[in-house]
Amino acid sequence: MKNLSILENKLQYKFRNKKLLIEALTHRSFNKPYNNERFEFVGDSILSYTMATYLFHKFPNLNEGSLSKLRSSLVSQSGLYKIAEYFELGEYLLISEAEEKNLGRKKRSLLSNCVESIIASIYFDSNQDIKMPRKFIIQTYETVFPHISLETLFRDYKTILQEMTQSIFGVVPEYKVLETSGPDHEKLFTIGLYINERLYVTSSGRSKKSAEQNSAELAIRILEDTETE
């Protein structure tokens, strides 16, 4: 394992109990009597609560639906994966040899779970002072996502999906208009998203762009669920 002091500097948090950080970095495949799954459970709850209150105050004019979309995007596996990449967590993961050969250090599921585990480890290291993980979460998100908005986050779905399909399948997705309906002033576009020339998902929107984004978001969720299995 690399020097944990380097990771602590990146996290901008100095652990009093290094064992908590080590546990947060330990995957269940590693031969230890502990792993980070319980930390992940706690970290997920802290993250969800923190982002809900953060977005509530940051965007006073957004309704519940828009706030929910923002939070879902930010705390999704893809959002957490970006944070894991920023901290280079793959270099610090404790995984088995088998998981190593299976490219575990690059798996989105392992890395995103690790982010949640680190949030919990900070919480427990600070004697369960919620202010410490909250501070970590907000400063991290404001660094990794400097321009948080519905437009910037959702515009990125196609980019995220392209990165995923190139990594998993070695190809980029294709978008084709399958159907156009409705009057000119209120058209509805149905887009087919193809991977390896196979129809993967379909989705609709009031513009080709929004329909493509909807398709990309749906495909991302399917791929994330598949990887987690």
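Each value in this text was obtained by applying a stated rule to the coordinates, not by laboratory testing. Since the model is a prediction, treat every value here as computed from it, not as a measurement. Positions of Cβ are generated from backbone atoms using ideal geometry, with glycine treated the same way; all protein chains shown enter the neighbour counts.
Which pairs break 22 Å Cα to Cα here: LYS58/LYS209; LYS58/LYS187; LYS18/LYS131; LYS32/LYS135?
LYS58/LYS209; LYS58/LYS187; LYS32/LYS135
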> For the chain, what ratio Rg/Rh do Cα atoms give with a Kirkwood hydrodynamic radius?
Replying inline: 1.02
> Taking every DSSP beta bridge that has both residues in the chain, what percent is antiparallel when rounded to the nearest 5?
Replying inline: 95 percent
>> Given a 10 angstrom Cα cut-off, can you work out which residue in SER68, SER117, SER109 is the most mobile in a GNM of the chain?
In response: SER68
> Kirkwood hydrodynamic radius for the range 100-170: how many Å is it when counted over pairs of different Cα atoms?
Replying inline: 14.6 Å
>> Treating only the Cβ of Lys, Arg, Asp and Glu as charged (+1, +1, -1, -1), what charge dipole size does the chain show about its Cα centre? Round to the nearest 20 debye.
In response: 560 debye
> Efficiency by 1/(1 + (r/R0)^6): what FRET value for ARG28 and THR159, r their Cβ-Cβ distance, R0 = 41 Å, to the nearest 0.05?
Replying inline: 0.85
> When the convex hull of the Cα atoms of the range 156-228 is projected onto a plane and the area is averaged over all directions, what value comes out in nm²?
Replying inline: 4.6 nm²
